[in-house]
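To start, the structure itself, in structure tokens.
Nothing in this text is a laboratory measurement; each read-out follows from the coordinates by a stated rule. Note that the coordinates shown come from a computational prediction; the quantities given were computed from them, not determined experimentally. Here the Cβ positions follow ideal geometry from the backbone for every residue, glycine too, while neighbour counts run over all protein chains shown.
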Amino acid sequence: MLGVHAGNSLVEFKKAYRHLSNLFHPDKLDKFDGILKQQAKENAKLINIAWETIQKKLK
């Protein structure tokens, strides 16, 4: 989901997470409506779940 390979460091995962979470941030999605906004919200949820999972595995 984050676009980073499993062998990368926590720094690379964090960089990818911050980039994607910035793209799909709810405040930036106000200009969209309907299905695009819903898909972006789902992507944001998946990005957060992926980040939480990575943090648990790498600690």
At 0.36 nm per residue, and after removing the present C-alpha to C-alpha distance, how many nm does the segment from residue 46 to residue 8 gain when stretched out fully?
11.7 nm
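Net charge near residue 22: determine it from the other residues with C-beta under 14 Å of the C-beta of residue 22, scoring Lys and Arg +1 and Asp and Glu -1. Write down the numbers at each step before the final one.
Details: positive: 14, 15, 18, 28; negative: 27.
Within the 14 Å Cβ shell, the charges total +3.
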Helix axis angle, 10-23 relative to the chain longest principal axis, alpha carbon, degrees
0 degrees
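Please work out how much length the chain gains when fully extended from residue 56 to residue 32, using 0.36 nm per residue of separation minus the C-alpha to C-alpha distance, in nm with one decimal.
Numbers: separation 24, 0.36 × 24 = 8.64 nm, distance 3.30 nm.
Value of the extension gain: 5.3 nm.
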Helix 35-58 against the longest principal axis of the chain: what's the angle in degrees, Cα atoms only, rounded to the nearest 10?
10 degrees
Considering only lysines 8 or more places apart in sequence, or on different chains, count the pairs in the chain whose C-alpha atoms sit under 25 Å apart.
25
Taking every Cα atom in the chain, find the radius of gyration and the maximum pairwise distance Dmax, and write them in Å.
12.5, 38
